[in-house]
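The values are calculated or read from the model by the stated rules, or taken from the named source; none is laboratory data. Please read all numbers here as calculations on a predicted model, not as lab measurements. Virtual Cβ from ideal backbone geometry, glycine too; neighbours counted across all protein chains shown. To get the accessible areas, we keep the full protein, side chains included, count just its heavy atoms, and leave off ligands, DNA and RNA. Shrake-Rupley method; radii C 1.70, N 1.55, O 1.52, S 1.80 Å.
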Amino acid sequence: MEIGNGGASSKGGLIPVPDSSDVFKNSVLAPLQSAYLYDESRQFFRYKSAVLVKNPTLERKYNAFRAKRREAGYSEEDLEESYGFLLFDDINKANALGETGVLAGNSTCTTLGDPSKGVYISMYSDCLDLNRWYHGKSGYIAIIRLTKGKVKKVSENYTQNFTAPTVGFDCHVSEQLPSVSAQTSSFLAFERTQCYMYELLDDASNATARSPSAACPFAILSFSYTDTKATIAPPQEKCDEKKAVFHYLPWRGQLEIGSQLYNIGLRSTTGALIPAKLPPVVKVDRAISMLDLRQLLPKAVFETCFAGEAFLDGLYCSLCELVSTEAEETNSLAQLVWEIREKDLALAVLLSDGGFLILLHSSHFLTYDDAWSCATEVLQGLFVFPDSRVVMKDTKFGQKKPSMTSEILQILPVLSYAEGEVEKTSIDPSEELCEVLAQHMQSYTALINPGLASSPSREVSMFPFQYDVPDAHLYSSPEWSDRAMQSFKSYLSRPVSFQLPVSRASEILAAGQEERRREDLDDDRSC
């Protein structure tokens, strides 16, 4: 989504177009409706208060681009005109296009090229956001005249090393574009139907224009999305069918976010167990933007219809739904669901047994309609583990968790020291974290006589999230550092490298103690 293109003093004229006029129906509405991907869009979108953009400067640039490319030998197919679309929440930012044109540096999408060197424009008028449309959504859509020129198909790039503009081409599109259909999930449809347009300047620097000449604003109009299915009671037979699904509620407890407590349960249709043992109160103090989360997790996670544990590109995942266990708190949980969707966030809970519980809005999954209830706005709980959590039939339950042994207590100080040293320096990705820890532990034994009393006082966090949730509300999206993201990816791909046996740590401590005893004996003899 393009967001914000500066303020508008509007040297470019904005000419109102009545929604009852032929110009509105034939010139404004027609391009929008002919560019729908989803069949229901024609029924659910409502448009009004359109304006045509009249900016002679932008139009001259656009026509000059076409003339120059024609002289360069571009084919009529290369010069074929089409339309693209941008979504805005702010009318002032939308209207600013009339003066500035579409500016680079305003896109949330990065998969086809550096957003600071080009612009992302949607090819479909109903694929303008990562999230599914919902009843009551409103905003502004800008229609952009496009001459794509020479198109380069590129693979989607989810790294921070952005794909550079290709010399000899005018735009990039995804190699996955032909695979998009009305059954494609909303965020995948959004990413794969983008057109990344850029304009390389005529010099040796490979610099790009801030506003590509091949994209010229044409019209801006307001819209609302009215899902008629959400405004009437579901068919009786549909609800009866859903009631026939047996519901399990394997966990009940509280979700704590700052000072707010929610009485919730985890609901499942696939079994009476969940992959982890959760405490009575699950505390959430970390969040991650969905943009970052999609880069960390395999795409298959969001495209799979879960029926129990699923093995997806090296990870074991399972899905459940959060429900309110107190009727009077239903609205409170609904507000949380709405806020997470609006902020485009996920809440992350680091579990004690090496996995994660990630809470995110249901619209990010392929199956948007909830199969367990008549509601569509729900919060899903995604369990992610590097190993299988399937419970074997001969597993015995109710065993008391053993208390921490004295051997483990002895190694806590040296482990805490080693982790602190690791956090201070960069690690070669080819190195095993456990070996780096062992080296720092050896240094510790050479400097300090190990003992519980000398344990540094610090909170140990193997995977530091860089965004803390405020006491009351979620205000802004987090920013992950490259290092934090690399640590997360390394753990998911090679969890064994993060494991250091207690016996190995004990050997290091014992060797250090033995060396110190020898030094003490030598000192005594020399005296």
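Below are the figures for this structure:
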item	result
Mean projection area, nm², convex hull over Cα of segment 114-207	7.3
Surface accessible to a 1.4 Å probe, MET290 within the full protein complex, Å²	0
Cα gyration tensor shape of segment 247-314, rounded if a/c is under 1.5, else prolate or oblate by comparing a/b with b/c	oblate
Space enclosed by the convex hull of the alpha-carbon atoms of segment 73-126, per residue, Å³	132
Ordering of 434-441, 342-349 by packing [mean C-beta count within 10 Å, highest first]	342-349, 434-441
Distance between modelled label sites at SER388 and ARG70, nm, 7 Å Cα→Cβ extension	6.5
Cα centroid of segment 282-355 to Cα centroid of segment 98-145, whole Å	26
Entries of LYS117/LYS489; LYS54/LYS153; LYS299/LYS489 with Cα pairs more than 22 Å apart	LYS117/LYS489; LYS54/LYS153
Linear extension gain, GLU431 paired with ASN263, 0.36 nm per residue minus alpha-carbon span	56.1 nm
Cα-Cα over 24 Å, subset of LYS48/LYS150; LYS137/LYS343; LYS93/LYS343; LYS25/LYS68; LYS68/LYS152	LYS48/LYS150; LYS25/LYS68
Overall form of segment 37-90 per C-alpha gyration tensor (a/c, 1.5; a/b vs b/c)	oblate
Highest average packing first - 268-275, 85-92, Cβ atoms within 10 Å	85-92, 268-275
Positive minus negative residues near TYR134 (Lys, Arg vs Asp, Glu; Cβ under 9 Å)	+1
For ILE264, residues with placed amide H under 5 Å, excluding near neighbours	GLY253, GLN254, LEU255, THR325
Charge tally in the Cβ shell below 11 Å around ARG252, where Lys, Arg are +1 and Asp, Glu are -1, ARG252 excluded	0
Prolate/oblate/rounded label for segment 96-143 (Cα gyration tensor, a/c 1.5)	oblate
